[in-house]
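Everything below concerns the one structure shown next.
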Amino acid sequence: MTHSATPVVRTSRAVTVLRTLQVASALSVLNLAWQFVTAGELFPGGGPEELHAVGAITLHVVTGVVALAAVAWFRPFGGSLWPAVVAVLVFAASFVQAAYGARDSLGVHVPGAMVLTVGAVWVAAWSFTRTRS
C-alpha cells in the first residue's frame with residue numbers, strides 16, 4: 001500500500017480552483033519569460049519598452065489570479081499555507097518591480113526579477129504536484 005503526501009481532490013470546485021491555479025501559474029512563468037525577452041538591456045539600442053510595459057501589466061493580472069487561486073485552494077480545501085503566502089508575495093513584488101522599472105534603478109529591478117521568477121516557478125511547480133481525481 002502506498003501513501004501520497006499530496007491531497008486527493010474530490011469536488012468539481014476544487015478541481016476548478018486547482019486548474020485555475022495551474023494555468024495562471026504557468027502563464028505567470030511564460031509572462032516572466034516575455035519580460036526577460038523584452039527587457040531593454042537585451043537590445044543594443046534599448047528594448048521595446050512598450051511591450052515590456054504591457055508585459056508588466058499582464059504580470060500584475062496573472063500573478064493576482066495566481067494569488068487568489070492559491071488562497072482559494074488553501075482556505076476551503078485545507079491546502080498548505082506556504083504556496084498562498086508565496087503567491088501573494090510574488091503578486092506584491094510585481095508592483096515593487098514596476099516601481100523600480102526605470103533604467104536608473106536596474107540594480108534593484110534585475111535582482112527583483114530573479115526573486116519574482118523563483119517565486120513564480122516554485123508556485124507553478126507546486127501546483128502541478130497536487131493530485132486530482
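What follows draws every value from the coordinates through simple rules; no lab data is involved. All of these numbers come straight from a predicted model, not from anything done at the bench. For neighbour counting, all protein chains shown are included, and Cβ atoms are generated from backbone atoms with ideal geometry for every residue, glycine included.
Of the peptides 84-97, 117-130, how do they stack up when ordered by the mean number of other Cβ atoms within 10 Å, highest first?
Per-residue mean Cβ counts within 10 Å order the peptides as 84-97, 117-130.
Packing-wise, with mean Cβ within 10 Å as the measure, how do 55-68, 11-24 rank, highest first?
Ranking the peptides 55-68, 11-24 by packing returns 55-68, 11-24.
Counting only C-alpha contacts under 8 Å and six or more residues apart, can you give the relative contact order of the range 10-132 as a whole percent?
After rounding, I find 33 percent.
With each pseudo-label sitting 7 Å past Cα toward Cβ, what's the VAL121-PHE95 distance in nm, one decimal?
About 2.7 nm, to one decimal.
Extending each Cα 7 Å along its Cβ direction at VAL61 and ARG13, get the distance between those two points in nm, one decimal.
2.7
Roughly what would the spin-label model give for GLU49 and LEU30, points 7 Å off Cα along C-beta, in nm?
2.8
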